[in-house]
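Before any comments, here is the structure.
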Amino acid sequence: MELRLPATVALLQVAVTMALTYRKPRGPQMYPCLTLIERNLRVDCEFPKTYVPPGPYCEFKQDSRLMASTRPNAQPIPELKRRSNVTLVNPYKCRLTYARLQGSFDDKAYTYTCRIIQGPQALENSMALHQRNVPICAALSVLFQGAPSLLLTVMSLPVILGLLSA
């Protein structure tokens, strides 16, 4: 029991530090991956909760060119609009699916920007991506992206169960 108490205290200190560090992102958080079968680019954009109408609306840009939007009056670039789809997956997450050209990957990196509009406020975040370096969408990678508290819980289960059995 004496050895478990310092380990538990250290683990709780790590948990508090991680919770304070990862609690409030400044803008939308972007999580890119390639779909398993088609190898299309998928970018999930999570944003903080607010209750300011109208919105939320989502926009995605590729190198400052509007690809797709959930705003009713938005006018994306036609060549990008045909290959892009943006949806509001849940109240605080937008998803871009960008179909690649058949049989090829783009040979250069692009800067993708997620812009969230809620009432008079707009938040955005950008990320440079080269499709050759983007991971495949998988259940475990999606689960642990942006979920350090879940990872910490899984890692601390042996310690917690050890304390309960003592």
Legend entry - Residue check for L96: assigned to a strand (DSSP E or B) and without any contact (Cβ under 8 Å) to a residue 40 or more places away in the chain: no
Legend entry - Criterion: modelled with pLDDT of 90 or more and surrounded by fewer than 18 Cβ atoms within 10 Å (Cβ to Cβ) - qualifying residue of T21, T8, T17, T70: T70
Legend entry - Pick from the stretch 73-82, criterion in contact with a strand residue (DSSP E or B) (Cβ under 6 Å, 6 or more places away or on another chain) and farther than 18 Å from I116 by Cα, ranking: surrounded by the most Cβ atoms within 10 Å (Cβ to Cβ): L80
Legend entry - Qualifying position, being in contact with a Ser or Thr (Cβ under 9 Å, 6 or more places away or on another chain), more than 21 Å from P28 (Cα to Cα), of a type in the set (A, V, I, L, M) and at pLDDT below 70, among L152, L163: L163
Legend entry - Among (1) within 16 Å of V89 (Cβ to Cβ); (2) among the charged types (D, E, K, R); (3) at pLDDT 85 or above, the one test that K49 misses: (3)
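Inspect the stretch 50-63 for any residue being part of a loop (DSSP other than H, G, I, E, B), more than 13 Å from the chain's Cα centre (by Cα), in contact (Cβ under 8 Å) with a residue 60 or more places away in the chain and crowded, with 16+ Cβ neighbours inside 10 Å and give the result as yes or no. Full working, then the answer.
Narrowing the stretch 50-63 to residues part of a loop (DSSP other than H, G, I, E, B): 50-56, 63.
Restricting the remaining residues to those that are more than 13 Å from the chain's Cα centre (by Cα) gives 50-56, 63.
In the following step, the residues that additionally are in contact (Cβ under 8 Å) with a residue 60 or more places away in the chain were identified as 50, 52-56.
Now drop any that are not crowded, with 16+ Cβ neighbours inside 10 Å, which leaves 55-56.
The answer is yes; a qualifying residue exists.
The values are calculated or read from the model by the stated rules, or taken from the named source; none is laboratory data. This is a predicted model, so every value here is computed, not measured. Note that we place each Cβ from the backbone using ideal geometry, even for glycine, and neighbour counts take in every protein chain shown.
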